[in-house]
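Before any comments, here is the structure.
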Amino acid sequence: MVNFKIQCYDMQRIIVLLVVVLMISCGSKEKKESQLLLAEGIPKLTVAVDDIHLPVYDFNGMEGLFHKDDHKTYVINFWATWCKPCVAELPYFERIYTEQKDNNVEVILVNLDMPKMWESNLVPFIKKKKLKSKVIILEDPKQNTWIPKVNADWSGGIPATLIYNNKKREFYEQSFTYEELNASLNEFIKK
């Protein structure tokens, strides 16, 4: 009888120990998953109209986008629908997206329109221009804080483009022709 009680007690300790180990391992998994989400960024909200879904970020939510080290080349363009030079160069980014999407190149269009313009201007613009590149919205009124984090020399003017990979990083505060954009990107792809 005493032997049975000892075995039950030992079994209970083993079960408790297993439960604790499972809880710790599950907690670690949840922590890793939450860290991964934070690295990729969590949108504040999503603008959804018909089949268009645009994540809206503050800068902290998308800051990881500017520091990925995953053997891709990122072409990140800052633009707005009210910016004529931005709109003029968008077809070149779309062409780069189409030509390079299978070559580890990711084109991301970071829209800076004001919130009141998202549904009335931005979504209709995306539909009309049939944009295929990833479009995200940056809505963060603290420009003086986040602009230097993108590039210390950026005045805040748009269009502006950051091209980087794990070996090189260049920032361009200018509008591009297709030839200029393609040549700049090819410098990254070659290395």
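Restricting segment 151-178 to residues that are part of a loop (DSSP other than H, G, I, E, B) and of a type in the set (S, T, N, Q), the residue that is farthest from residue 67 (Cα to Cα) is 177. Is it the case, given these coordinates, that residue 178 is of a type in the set (Ser, Thr, Tyr) and surrounded by fewer than 16 Cβ atoms within 10 Å (Cβ to Cβ)? For residue 178, the condition - of a type in the set (Ser, Thr, Tyr) and surrounded by fewer than 16 Cβ atoms within 10 Å (Cβ to Cβ) - is met. Of all residues in segment 152-170, those that are buried (at least 16 other Cβ atoms within 10 Å of the Cβ) and modelled with pLDDT of 95 or more total 8. Residues 63, 99, 89: which one is under 18 Å from the mean Cα position of the chain (by Cα), of a type in the set (Asp, Glu) and assigned by TED's automatic domain parsing to the domain that holds residue 180? Exactly one residue qualifies, and that residue is 63. Restricting 181, 90, 185 to residues that are under 26 Å from residue 50 (Cβ atoms), modelled with pLDDT of 95 or more and in a helix (DSSP H, G or I) narrows the list to 90. Among the residues of segment 64-89, those identified as buried (at least 19 other Cβ atoms within 10 Å of the Cβ) and closer than 20 Å to residue 187 by Cα are 73, 74, 75, 76, 77, 89. Within segment 103-114, residues that are over 18 Å from residue 57 (Cα atoms) reach partners that are surrounded by fewer than 18 Cβ atoms within 10 Å (Cβ to Cβ) with beta carbons closer than 6 Å, at six or more positions or on different chains, in the pairs 104/72; 106/72. Taken over segment 50-63, the criterion of being out of contact with any Lys or Arg (no Cβ under 9 Å at 6 or more places or on another chain) and surrounded by 14 or more Cβ atoms within 10 Å (Cβ to Cβ) is satisfied by 54, 60, 62. Only one of the numbered conditions (1) buried (at least 19 other Cβ atoms within 10 Å of the Cβ); (2) assigned to a helix (DSSP H, G or I); (3) out of contact with any helix residue (DSSP H, G or I) (no Cβ under 7 Å at 6 or more places or on another chain); (4) among the hydrophobic types (A, V, I, L, M, F, W, C) is not met by residue 96, and that is (3).
The values are calculated or read from the model by the stated rules, or taken from the named source; none is laboratory data. Bear in mind the structure is a predicted one, so any value in this text is a computation, not a measurement. Every residue, glycine as well, gets a Cβ built from its backbone with ideal geometry; the counts of neighbours run over all protein chains shown.
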